[in-house]
Amino acid sequence: MSDELRTILLEQVDRLLADNAGPDLLRANERGIWPERLWAEAEALGLPLALAPEAMGGAGLGWDDAVALWQVLGRHAAPLPLGESMVAAALLAEAGIAPPSGLIGLAVGSAPVAWGRRAGHLAVLQGREVALRAGPAGQEGRAGYARDPADAAGPGAALATGALPADAGLLAGALLNAARIAGALEAVLDMTVEYANTRKQFGRAIGGFQAVQQLLARCAGEVASAGVAAATAGRAAARRGLAGAEFEIASAKVVCGEAAGTGAEIVHQVHAAIGFTDEHALHLFTRRMWEWRDGFGAERVWARRIGAAALARGGDVLWADLTGRDER
Amino acid sequence: MGALRFDLRDTPPEAPALRAELRAFLADHGRNWSPTVRGYSWMGFDRDFSREVAKRGWVGMTWPRTYGGGERTALERYVVLEEMLAVGAPVGAHWIGDRQSGPLILRLGTEEQRRDFLPRIVNGDLAFAIGLSEPDSGSDLASLRTRATKVPGGWRIDGRKVWTTNAHRCDFMIALLRTSPPPDPRAKHQGLSQFLVDLRSSGLTIRPILDLVGEEGFNEITFDNVFVPDSLLVGKEGNGWEQATAELAFERAGPERYLSSLPLLTAALDDLRAEPAAAETVGRLLARAGTLRQMSLAVAGMLQDGQTPAREAALVKDAGNDYEQALPETLRNLFDPDRTPAEVQEMQRVMTMVARSYSLRGGTREILRGIIARQLGLR
Ligand SMILES: Cc1cc2nc3c(=O)[nH]c(=O)nc-3n(C[C@H](O)[C@H](O)[C@H](O)COP(=O)(O)OP(=O)(O)OC[C@H]3O[C@@H](n4cnc5c(N)ncnc54)[C@H](O)[C@@H]3O)c2cc1C
C-alpha cells in the first residue's frame, strides 16, 4: 500500500475511534456489551477483511500496513476484537480458505477467543492446521487483566480446513499484540505528559521536577523502541512472510513486552493515587498492555526461541546474521 | 509524542559487498587485538590501523572528492562504522575527525581550512581531539572559562581543558573557547567561538591522566598564552555554541552509542551454550540490539537527508547507553570462572570498567534525559 493511501486509512481509523470509542465503550466491553456501532463502522470501512487478498473480498493490505493500523487501535486501547478478526481472515486466506464477512473469532491453540460469543465464524488453529467453523464460541469468561470477553472455541465441525506454516497463528498474534502495545504506550505517555504539566504540587507543575522528567524521558525511550520494534517486525513479515520474520516478530514481542512493563510502571508512578482509581482512564490502557504482553507468547518465550537459535549458530556468525536479514 | 519520528531505513544496496570487504580486512588486522583493545573500542588509538582504514577509502567517505572524500552516502558510511564497532576495532585515531571535526570544517570552515585539513583527515594523517570539557565545566558546558583574547593576526588562549580523549596522541583539536564575556550571567551561551588548535603549539601542555582501567585514555591540557592565527577560527566568532550544538548531533547520532560492548556478546556466545539460563538472556539482548540498530539507522537516514536529528539522536544515545552499559553486567551472571575462556572473562572485566564512561561521554544520561523531557513538552 502506498504511503499516501496508508496515511489516509490510518487517519480514517483514528477518527473513527476518536469519535466512537473511549473510556465508556471500554468499560462497556468489560461488562460484556458488544460495541455494535463501532463494529458496524469498521465493517463499513472494510477493515475486518483488509488483510485478505482482493480476490477474496479483502483489500490486500500487507503486514506492515496491519502493524500501523493496529498501532492506531492500541492508541485507543482497541475497544473491539478487530485485530484478532483481521488476523483470522489473513490466516484463512493464506491457507486458501475464503474468509467470511463478519467477526471471525481467532482461536490459536488453547488460548481464549476474544469475543468468541459474538463470532459468526471461528478460525481454529491447531498445529499447522487451520479450520473454519461456524460460530459462536461458548461463553466462557473474561480475559485476566483486560476483562474483555474471552471465550473457549470448544469442539465443532469444520466448514473447511487448510494448512499453514508452523506457528503462523502465534507469530501473527504476537505481531498484533506488539503493535497494540506500541500504540497504547504512545497514548499513556501523552496522557502522562499532559497530567504532569497540569497537576501542581509545591506550587508548581510536577512536570517541572527533574525526577519526574527523568522518568518520563526514560519512558519515551521505551515508547520509541516499542514503535520501531513493531514496525521492523511488520516490514519483515511483509517482505518474507510470517515464518521468515520470526526473529523480528520475536524481537518485537520481547521489546514491546518489556516496554509495556517499564512504561506502565512509570506512568502509574507519575499519576500516583488518581491513576490507581477505577474512575481514571489510565488503567483501561495499562491493563490491556499487561494483557497483550502475556498473550501469544510472553517475552520469555520469544527470547528463549531467538536466543537458542543464536546459541546454536554460534558467535562467529552472530553479527552477520543480525545485519544480513534485510540484505539478501 | 512531540515530533520524534523514527522512519525505518534500509541499508544501501552496496552494503553486502562493502561488508564482505570490511570483514576480510578486519579479520586480517584484528587477529592480535587484545581484550583490552576491543574493550576500549572506539576510544582505542592505533594510527597505523587508521592509515590502513584510510587507504581503503573508509575515512571521509561522504565528503566531496575535491577534498579527498569518497562522495558515498551516509548509509554506506554507517555500514563501515557498525562493522568496525562490532569487532571493537581501535578506531580512535580517525573516528573524531571523520565523525565531527571534518564535517564541521566542511560545513562552516573557510575554503582554505577545507583544503588544508580535510585531505589530511582522509589520509589518516590528522587525528582530532574534542576540546569541550573543563575542570569546572562539565555538563554546564557553556560556563567554560578558557578564553581566547584578540591580538594582532590571531588569538591568545589561556586556560585549561580536561578529559580530552587521546589528546596526547592527536594532532589537532577543535576547542570551544570564550571570546567575549557574556553580556549578562544568564546569557553565557553567547561569546563562545570554535578554533582549530594545533596540539604542538608552544605554551600548550598535555598531561595524560590515568583512567580507572589503568590506561592513559584522556588528558588535561593547559594553555599558557598559546597563539592561534585568525585563519584557524572556525565559523563565526561568537557563534560557537550553536556550532558546537550542531556538532553534538553528529557526535551523538552514531551506532557507537549502543555497540560499544557488543564484541563481548559475540566473544561469549559459544561458551554460553553450556549455560542453561543463557538462551533467554541472549534472546533479550538480541531483540534489543536489533531494535536499537533500526533506531540508529533511522537517525542515520535523517542525516543522509540533510536533517539535524539532535533530539532523536539524544533519545537513541540514551537508550543505547543503557543497553551497552548493562550488557557486560548481564553476561557476567552467566559466566563461570572455571568454564568461561580467560580472554572472555578479561574482556568482561575491561568492559565492566569502561562501561562507566558510556553514560558520561558525549553528554551524561541525566543531561540527555533533560533534552528528551523538553522535547516531550515538560516544563
Ligand atoms: C572516558 C571519557 C572520555 C571523555 N572524553 C572527552 C573528550 O574527549 N573531550 C571532552 O571535552 N570531554 C570528554 N569527556 C568529558 C565528558 O563530556 C564529561 O564527563 C561530561 O560532560 C560530564 O561532565 P562532568 O564529568 O564534569 O560531570 P558533571 O557535569 O559534574 O556531572 C556530575 C553528575 O551530576 C549530574 N548533573 C550535572 N548537571 C546536572 C543537571 N543539570 N541535571 C541533572 N544532573 C546533572 C551529571 O549527570 C553527573 O551524574 C570524557 C569523559 C569520559 C568519562
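Report the charge-dipole magnitude of the protein assembly as shown in Debye, nearest 20, computed about the Cα centre from +1 at each Lys and Arg Cβ and -1 at each Asp and Glu Cβ. Walk me through the numbers before you get to the answer.
Working: 78 positive and 87 negative charges, 197 e Å.
Charge dipole of the protein assembly as shown: 940 debye, to the nearest 20.
Relative contact order for chain B: what percent, with Cα pairs under 8 Å and sequence separation of 6 or more? Could the numbers behind the result be given before it?
Numbers: 683 pairs, mean separation 68.7, N = 379.
Reported as a whole number, the value is 18 percent.
Given the DSSP H assignment, sum -39500 (n - 2.57) over each helix run of at least 4 residues in chain B and divide by its residue total; what's the result at 222 nm in deg cm²/dmol, nearest 500?
The helix contribution divided over chain B gives -14000 deg cm²/dmol.
Across the stretch B:210-220, in residue order, what do the Karplus-derived ³J(HN,Hα) couplings come to in whole Hz, using 6.51 cos²θ - 1.76 cosθ + 1.60 with θ = phi - 60° and x for Gly and Pro?
Rounded to whole hertz, the list is 5, 9, 5, 6, x, 9, 8, x, 10, 9, 10.
To the nearest 10 degrees, how steep is helix B:278-304 against the longest Cα principal axis of chain B, on a 0 to 90 scale?
Result, in degrees: 30.
Where the convex hull is taken over the Cα atoms of the stretch A:211-290, what is its projected area averaged over directions, in nm²? All intermediate terms of the calculation are to be shown ahead of the outcome.
Values: hull surface 22.0 nm².
That works out to 5.5 nm².
How do A:VAL87, A:VAL317 rank by accessible surface area computed with a 1.4 Å probe, from largest to smallest? Mind dumping the intermediate values first?
Details: A:VAL87 0, A:VAL317 45 Å².
Output order, biggest surface exposure first: A:VAL317, A:VAL87.
Using alpha carbons only, how many degrees (0 to 90, rounded to 10) separate the axis of helix B:262-272 from the longest principal axis of chain B?
For helix B:262-272, the angle is close to 10 degrees.
If amide hydrogens are placed 1.01 Å from N in the peptide plane, which non-local residues have theirs closer than 5 Å to the one on A:ARG142?
A:ALA150
Relative contact order of chain A, please, whole-number percent, based on alpha carbon pairs below 8 angstrom and at least 6 residues apart.
That works out to 16 percent.
How much of A:LEU132 can a 1.4 Å solvent probe reach, expressed as accessible area in Å² and rounded to 10?
It works out to around 10 Å².
For the stretch B:130-239, what % of the accessible area comes from carbon and sulfur atoms, probe 1.4 Å?
Result for the stretch B:130-239: 50 percent of the exposed heavy-atom area is carbon or sulfur.
Counting residues in the stretch A:39-180 as N, plug N into 2.2 N^0.38 Å and put the Cα Rg over that result. Walk me through the numbers before you get to the answer.
On the way: Rg = 13.5 Å, N = 142, 2.2 N^0.38 = 14.5 Å.
It is 0.94.
Give me the orientation-averaged projected area of the Cα convex hull of the stretch B:15-126, in nm², one decimal. List each step's numbers first, then the result.
Working: hull surface 25.1 nm².
Dividing the Cα hull surface by four gives the mean projection, 6.3 nm².
For B:GLU52, A:GLU36, write out the residues from largest to smallest accessible area, computed with a 1.4 angstrom probe and no ligands counted.
Sorted descending by solvent-accessible area, the residues read A:GLU36, B:GLU52.
Given the options B:ALA246, B:ALA287, B:ALA127, state which has the largest fluctuation in a GNM of chain B using a 10 Å cut-off (strictly under) for Cα springs.
Top of the fluctuation ranking is B:ALA287.
Taking amide H positions as placed in the peptide plane 1.01 Å from N, state which residues far from A:ARG199 in sequence (5 or more) or on other chains have amide H under 5 Å from it.
A:ILE206
At B:GLU366 and A:ALA28, where each label point lies 7 Å from the Cα along Cα→Cβ, what is the point-to-point distance in nanometres?
About 5.0 nm, to one decimal.
With a 1.4 Å probe and every protein chain left in place, tell me how much accessible area B:ARG349 has, in Å² to the nearest 10.
120
Could you work out Rg/(2.2 N^0.38 Å) for the stretch B:243-376, with Rg from alpha carbons only?
My calculation over the Cα atoms of the stretch B:243-376 gives 1.15.
Under a point-charge model restricted to the Cβ atoms of Lys and Arg (+1) and Asp and Glu (-1), what is the dipole moment magnitude of chain A relative to its Cα centre, in debye to the nearest 20?
580
Per residue, how much accessible area does the protein assembly as shown show when a 1.4 Å probe rolls over the protein heavy atoms, in square angstrom? Spell out each step's value before the answer.
Numbers: 27400 Å² over 707 residues.
About 39 Å² of surface per residue is accessible.
Roughly speaking, what is the stretch gain from A:GLN126 to A:SER101, that is 0.36 nm per residue apart minus the C-alpha to C-alpha distance, in nm to one decimal?
Values: separation 25, 0.36 × 25 = 9.00 nm, distance 2.22 nm.
Extra length from A:GLN126 to A:SER101 when fully extended: 6.8 nm.
Would you kindly find the accessible area of A:HIS271, with a 1.4 Å probe and non-protein molecules such as ligands, DNA and RNA excluded, rounding to the nearest 10 Å²?
In the full protein context, A:HIS271 sits at about 0 Å².
Based on Cα positions only, what radius of gyration and what Dmax would you give for the stretch A:139-263, in angstroms?
Cα radius of gyration and Dmax of the stretch A:139-263 are 19.4, 66 Å respectively.
Rounded to the nearest 20 debye, what is the charge dipole size of the stretch B:130-239 about its Cα centre when +1 sits on each Lys and Arg Cβ and -1 on each Asp and Glu Cβ? Could you put the intermediate results ahead of the total?
Numbers: 13 positive and 14 negative charges, 75 e Å.
In debye, rounded to 20, the stretch B:130-239 gives about 360.
Of A:GLY315, A:GLY227, B:PRO181, which is farthest along the charge dipole of the protein assembly as shown in the positive direction, counting Lys and Arg as +1 and Asp and Glu as -1 at C-beta?
Of the candidates, B:PRO181 comes out farthest on the positive side.
Looking only at Cα atoms, what is the convex hull volume of chain A per residue, in Å³?
On the way: hull volume 45.3 nm³, N = 328.
So the per-residue hull volume is 138 Å³.
Using the Cα atoms as the points, what is the convex hull volume per residue of chain B in Å³?
For chain B, the hull spanned by Cα atoms encloses 140 Å³ per residue.
Heavy-atom accessible surface, probe 1.4 Å, ligands and DNA/RNA ignored: which residues of the stretch A:270-307 lose at least 10 Å² versus the isolated chain?
Those are A:GLU299, A:ARG300, A:ALA303, A:ARG304, A:ILE306, A:GLY307, which lose 10 Å² or more relative to the chain on its own.
Using a Förster distance of 60 angstrom, determine the FRET efficiency expected from the C-beta separation of B:GLU216 and A:ASP14, and round it to 0.05.
The value I calculate is 0.60.
Are there any residues in the stretch B:290-317 with a reduction of at least 30 Å² in accessible surface when going from the isolated chain to the assembly of protein chains? Probe 1.4 Å, please list them by number.
Flagged in the stretch B:290-317: B:THR291, B:ARG293, B:GLN294, B:MET295, B:LEU315.
If you plug each phi of the stretch B:21-34 into the Karplus form 6.51 cos²θ - 1.76 cosθ + 1.60 with θ = phi - 60°, what whole-Hz ³J(HN,Hα) values come out, in order, with x for Gly and Pro?
Listing the rounded values in order: 4, 5, 5, 5, 4, 6, 4, 5, 6, x, 3, 10, 5, 6 Hz.
Tell me the mean residue ellipticity at 222 nm calculated for chain A from its helices only (DSSP H runs of n ≥ 4, each -39500 (n - 2.57), averaged over every residue, nearest 500).
Computed ellipticity for chain A at 222 nm equals -19000 deg cm²/dmol.
7 Å from Cα along Cα→Cβ at both A:PHE209 and B:SER180: what's the point-to-point distance in nm?
4.3
In the stretch A:3-164, what percent of the accessible surface is made up of carbon and sulfur (1.4 Å probe, ligands and nucleic acids excluded)? Provide the component values of the computation, followed by the final result.
On the way: 3330 of 6790 Å².
Ligands and nucleic acids excluded, carbon and sulfur reach 49 percent.
Rounded to the nearest 100 Å², what's the accessible area chains B and A bury against each other, both chains counted, probe 1.4 Å?
On the way: alone 16880 and 14710 Å², together 27400 Å².
In total, this chain pair buries about 4200 Å².
For the stretch A:289-304, in order, what is each residue's ³J(HN,Hα) by Karplus, 6.51 cos²θ - 1.76 cosθ + 1.60 with θ = phi - 60°, in whole Hz (x at glycine and Pro)?
For the stretch A:289-304, the Karplus curve yields 4, 5, 5, 5, 6, 7, x, 6, x, 6, 3, 3, 4, 6, 4, 4 Hz.
Hey, if you put +1 on the Cβ of every Lys and Arg and -1 on every Asp and Glu Cβ in the stretch A:58-168, which of A:VAL108, A:ALA163, A:PRO79 ends up farthest toward the positive end of that dipole?
Toward the positive end, the furthest listed residue is A:PRO79.
Could you compute the FRET efficiency for B:LEU8 and B:ASP270, with r as their C-beta to C-beta distance and R0 at 41 Å, rounded to 0.05?
Approximately 0.80, to the nearest 0.05.
Only bridges with both residues in chain B count here: give the DSSP antiparallel percent, nearest 5.
Just about 85 percent of them are antiparallel.
Scan around B:VAL162 for amide H atoms under 5 Å from its own, H built in the peptide plane at 1.01 Å from N, and keep only partners 5 or more places away or cross-chain.
Those lying under 5 Å, H to H, from B:VAL162 are B:SER133, B:GLU134, B:ILE221.
Sort B:ASP271, A:ASP167, B:ASP48 from largest to smallest accessible area, using a 1.4 Å probe on the heavy atoms of the protein chains.
Descending accessible area places them as B:ASP48, A:ASP167, B:ASP271.
Quick check: convex hull over the Cα atoms of the protein assembly as shown, volume per residue in Å³, rounded to an integer?
Residue-normalised Cα hull volume stands at 161 Å³.
Give, in nm to one decimal, the length gained when the segment between B:ALA20 and B:ASN123 is fully stretched (0.36 nm per residue of separation minus the Cα-Cα distance).
Details: separation 103, 0.36 × 103 = 37.08 nm, distance 2.23 nm.
Using 0.36 nm per residue and subtracting the Cα-Cα distance, I get 34.9 nm.
The values are calculated or read from the model by the stated rules, or taken from the named source; none is laboratory data. Note that the coordinates shown come from a computational prediction; the quantities given were computed from them, not determined experimentally. For neighbour counting, all protein chains shown are included, and Cβ atoms are generated from backbone atoms with ideal geometry for every residue, glycine included. Surface accessibility is based on the protein's heavy atoms, side chains included, excluding ligands, DNA and RNA. Shrake-Rupley method; radii C 1.70, N 1.55, O 1.52, S 1.80 Å.
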